[in-house]
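Below is one structure; the comments refer to it alone.
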Protein chains: 2
Amino acid sequence: MPSISQRGTRLPSSPIRKLVPLSDAAKREGVKVYHLNIGQPDLPTPPKGLEALKHITRTTLEYSPSEGILPLREKMSAYYARFGLQVAPSEIIVTTGGSEAILFAFLACLDPGDEIVMLEPVYANYITLAQAAGVVVKTVTARIEDGFALPPVSAFEAAITERTRGILLCHPSNPTGTVYDREELLQLKRLVLKYNLYLFSDEVYREFVYNDVPFVSALALDIPEHVVVLDSVSKRYSACGIRVGMLVSLNPEVRAAVMKLCQARLSPPLLGQIVAEASIEGTEDYARACYEEYKARRDFFIEGLNQIPDVYSPMPQGAFYTVASLPVEDAEDFCRWLLTDFRQNGETVMMAPAAGFYATPGMGRNEVRLAYVLKKQDLARALELLRASLEAYNKK
Amino acid sequence: MPSISQRGTRLPSSPIRKLVPLSDAAKREGVKVYHLNIGQPDLPTPPKGLEALKHITRTTLEYSPSEGILPLREKMSAYYARFGLQVAPSEIIVTTGGSEAILFAFLACLDPGDEIVMLEPVYANYITLAQAAGVVVKTVTARIEDGFALPPVSAFEAAITERTRGILLCHPSNPTGTVYDREELLQLKRLVLKYNLYLFSDEVYREFVYNDVPFVSALALDIPEHVVVLDSVSKRYSACGIRVGMLVSLNPEVRAAVMKLCQARLSPPLLGQIVAEASIEGTEDYARACYEEYKARRDFFIEGLNQIPDVYSPMPQGAFYTVASLPVEDAEDFCRWLLTDFRQNGETVMMAPAAGFYATPGMGRNEVRLAYVLKKQDLARALELLRASLEAYNKK
């Protein structure tokens with residue numbers, strides 16, 4: 001029997017999804033599981049997007065162009081303009097979700113052995129996708145005691161070696177919810193120019209910034225040839241399943257290399273593009289309502305978390321996640337136990353152990369990543385379950 | 001300005017899609033382009049599949065499980081059973097089109113520098129996806145003068161080195177339409193066992209075998225741990241745009257490594273899975289009609305090709321492609337000229353230069369790959385255009 005590759009062996013399991021077999025087993029027993037582990041919004045997809053599916057008249061669901069359908073790219077161009085960003089439709093490549101944008105950006109811009117600097121805790125899938133591409137991830141640690149603020153730029157500079165080719169920023173941050181201000185971004189810009197790096201900026205959560213500070217895109221930093229923006233409509237339109245993301249770059253060489261990969265995979269999903277296109281315009285009220293809902297949930301959820309004895313979460317400024325510390329030694333063991341053993345009135349809660357969001361071994365062992373994308377009453381119940389389970393777990 | 005990666009630079013452009021900017025320009029001038037370059041079937045998607053979109057009642061288009069929705073995997077399991085293949089739903093992983101199945105198979109099973117042996121002419125995207133994965137492609141040449149028959153197994157053995165980890169077969173073949181019989185497959189099986197290799201078998205065109213020989217799947221060779229089948233519903237249901245493929249393996253280690261990649265990209269397209277699921281059952285009449293239509297087109301098109309002076313195409317036994325030789329020195333130059341210069345009554349024809357389907361430099365320079373997925377009357381007109389354009393080109 002042939003063995004799988006070392007690459008395949010070394011790939012980390014998703015900390016968000018690796019406990020799914022345990023939650024599936026619990027559900028088969030009839031247990032109700034509150035999912036704080038995954039950023040799967042429960043809000044509805046814009047009705048205009050859903051309606052578009054009912055009005056498809058084409059009888060053959062053919063390939064779309066490899067770069068995505070033009071009307072979607074035109075509407076995305078207009079969308080970016082609303083944020084003050086000048087991006088032509090030809091500078092937008094539609095990808096199969098944001099994850100494909102990430103993988104293709106790595107494959108096109110970086111060679112095996114090249115290094116990329118990221119902040120940790122980090123969106124875990126970056127690490128898997130970087131490893132798939134043979135790219136070495138170096139991390140700069142943001143600390144919970146600092147509210148996961150951007151570390152001093154000197155920490156980034158210390159992580160840069162002669163193999164460093166890029167910095168990746170998730171902004172606003174999944175998993176910490178941190179939002180970076182213009183001054184912080186300008187410091188990173190200086191590094192990018194000094195070391196001639198790419199700045200990969202994942203701006204999927206751009207519309208979810210809860211403080212009154214305006215969101216600053218990497219595209220507004222006036223270093224167009226260095227910037228690759230990774231985007232997705234998944235969270236914005238509660239449509240994670242349509243798999244529509246974007247890679248935006250004003251660097252024509254980057255786009256040309258990405259396009260070769262796009263052509264090799266032929267086409268992003270046609271149906272998802274139809275939904276996305278219909279969801280972009282005339283949905284300002286929808287966007288506002290989602291924003292207000294997430295903001296209210298954040299306020300409620302973070303306050304509730306911090307009321308549980310020895311639980312601590314900083315106040316995230318954006319996105320819909322937080323990383324919280326728990327009064328346990330090994331949060332992964334606790335998360336497993338929640339799914340296999342803990343029940344209260346036939347219910348339990350699922351969380352993502354945060355260790356998988358750090359590249360540094362040993363970091364985040366007592367932390368979990370939480371997504372607050374449930375209705376307030378479900379968040380309230382999840383908080384109750386967390387409080388009761390911590391008590392029970394620590395009495396064991 | 002940071003430079004793109006050597007990997008990105010070296011990636012080949014798709015011979016199927018790289019001339020698209022020229023055809024787009026011709027269309028903007030009002031020219032009608034007959035597309036023989038791409039396997040984009042013109043037949044309708046099964047009405048049951050299209051209908052399923054109209055009946056979606058969910059209001060949030062959420063992520064599907066990373067391995068695909070269970071009802072689709074169950075129906076695919078029943079589908080394989082119709083071909084005498086025992087595959088459990090848990091042995092089927094739904095991918096974003098067949099192309100993702102290919103990429104993930106390479107990433108999971110092969111390390112950078114590992115070698116894989118393929119037949120050339122080869123489906124060009126295998127080469128791009130292999131290069132993206134750092135995998136070295138070695139080819140065994142099938143020759144037009146032999147009707148692109150499988151070369152002797154000794155030719156495969158000669159291509160095997162100590163870094164060889166797998167053989168990839170496209171069966172029936174895109175681009176040549178060759179179908180391999182049981183005896184040929186058993187010879188490959190002996191090699192697979194002798195050198196402990198993977199056998200990657202792309203069986204997307206399984207249902208399009210026009211001779212009365214039964215199609216033999218790699219899954220029927222009784223080497224379950226060696227076989228990774230790559231599949232897709234794109235062509236079978238004329239639904240290339242839904243991006244639903246499958247990776248099938250009875251080797252649990254392969255599936256576990258592939259699943260880590262699947263989790264990193266979160267979910268295959270939900271909407272496409274809904275269409276695919278609705279298209280599998282109760283569509284035997286549909287499948288029969290497609291089969292008869294493609295068979296009739298094949299007979300008509302290949303005969304017509306061979307009637308053009310100095311054009312030669314073997315008779316393909318499966319799929320809906322052929323590789324034909326033309327009386328030109330440089331088929332790519334000819335294909336470009338067709339799009340930029342040749343017009344007859346405001347019409348021209350687009351073909352894929354075959355050189356991009358060979359890994360060996362210089363091979364296939366006077367050949368083109370042709371897909372016969374147009375209506376008979378359009379194929380007839382495309383043949384007229386080809387005849388007239390060859391005459392005009394060779395008079396230049």
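The values are calculated or read from the model by the stated rules, or taken from the named source; none is laboratory data. Just so it is clear, the structure is predicted and the values come from calculations on it, not from any experiment. Here Cβ is always computed from backbone atoms with ideal geometry, including for glycine, and neighbour counts include all displayed protein chains.
Assorted remarks:
- Total residues in the stretch B:301-359, condition charged (D, E, K, R) and under 13 Å from B:Arg369 (Cβ atoms): 1
- Taken over the stretch A:305-325, residues that are among the small types (Gly, Ala, Ser) and either without any contact (Cβ under 8 Å) to a residue 24 or more places away in the chain or out of contact with any strand residue (DSSP E or B) (no Cβ under 8 Å at 6 or more places or on another chain) (or both) amount to 1.
- Each residue in the stretch B:68-105 was checked for being in contact with a Gly (Cβ under 8 Å, 6 or more places away or on another chain) and among the aliphatic types (A, V, I, L, M), and 4 pass.
- Strands (runs of 3 or more DSSP E) contained entirely in the stretch A:92-148, each with at least 1 residues that are under 30 Å from A:Leu70 (Cα atoms) and more than 8 Å from chain B (Cβ to nearest Cβ): A:92-95
- Members of the stretch A:26-51 found to be more than 26 Å from the chain's Cα centre (by Cα) and crowded, with 19+ Cβ neighbours inside 10 Å, listed by number: A:Ala26
- Close pairs (8 angstrom Cβ cut-off, 6 or more residues apart or separate chains): within 15 Å of A:Lys396 (Cα to Cα) in the stretch A:326-338, loosely packed, with under 15 Cβ neighbours inside 10 Å and of a type in the set (Asp, Glu) anywhere: A:Pro327/A:Asp310
- Residue in the stretch B:86-94 that is of a type in the set (Ser, Thr, Tyr), crowded, with 24+ Cβ neighbours inside 10 Å and over 13 Å from the mean Cα position of the chain (by Cα) present: no
- Residue check, B:Arg58 of a type outside the set (S, T, N, Q), more than 10 Å from chain A (Cβ to nearest Cβ), surrounded by fewer than 18 Cβ atoms within 10 Å (Cβ to Cβ) and at negative phi: no
- Residue count for the stretch A:1-36 under the criterion of being out of contact with any helix residue (DSSP H, G or I) (no Cβ under 7 Å at 6 or more places or on another chain), away from chain B (no Cβ under 12 Å) and part of a loop (DSSP other than H, G, I, E, B): the result is 3.
- Among the criteria (1) assigned to a helix (DSSP H, G or I); (2) within 14 Å of chain A (Cβ to nearest Cβ); (3) under 27 Å from B:Pro175 (Cβ atoms), the one B:Phe301 does not fulfil is (2).
- Failed item, numbered, when A:Phe156 is tested on (1) within 18 Å of the chain's Cα centre (by Cα); (2) among the aromatic types (Phe, Trp, Tyr); (3) part of a helix (DSSP H, G or I): (1)
- Note on the stretch B:311-330: residues that are on the phi < 0 side of the Ramachandran plot and either in contact with a Gly (Cβ under 8 Å, 6 or more places away or on another chain) or among the basic types (Lys, Arg) (or both) total 9.
- Selection within the stretch B:49-72 - touching a residue at least 24 places away in the same chain (Cβ under 8 Å) and either assigned to a loop (DSSP other than H, G, I, E, B) or over 30 Å from B:Arg17 (Cβ atoms) (or both): B:Glu51, B:Ile56, B:Leu61, B:Glu62, B:Tyr63, B:Ser64, B:Pro65, B:Ser66, B:Glu67, B:Gly68, B:Ile69, B:Pro71
- Restricting attention to the stretch A:61-75, the residues being crowded, with 24+ Cβ neighbours inside 10 Å and of a type in the set (A, V, I, L, M) number 2.
- Conditions (1) closer than 30 Å to B:Leu19 by Cα; (2) aliphatic (A, V, I, L, M); (3) within 14 Å of another protein chain (Cβ to nearest Cβ): number failed by A:Ala78: (3)
- Qualifying position, being part of a loop (DSSP other than H, G, I, E, B), more than 19 Å from the chain's Cα centre (by Cα) and buried (at least 24 other Cβ atoms within 10 Å of the Cβ), among A:Leu266, A:Leu261, A:Leu271: A:Leu266
- Among the residues of the stretch B:323-357, the ones that are closer than 15 Å to B:Ala25 by Cβ and either part of a helix (DSSP H, G or I) or not assigned by TED's automatic domain parsing to the domain that holds B:Tyr34 (or both) come to 6 in all.
- Sole exception among (1) closer than 22 Å to B:Val94 by Cβ; (2) modelled with pLDDT under 95 for B:Cys262, by number: (2)
- Of the residues in the stretch B:71-84, at least one is polar (S, T, N, Q) and either within 30 Å of A:Arg236 (Cα to Cα) or assigned by TED's automatic domain parsing to the domain that holds B:Val137 (or both).
- Checking each residue in the stretch A:149-172 for being within 14 Å of another protein chain (Cβ to nearest Cβ) and under 20 Å from A:Asn251 (Cβ atoms) picks out A:Thr164, A:Arg165, A:Gly166, A:Ile167, A:Leu168.
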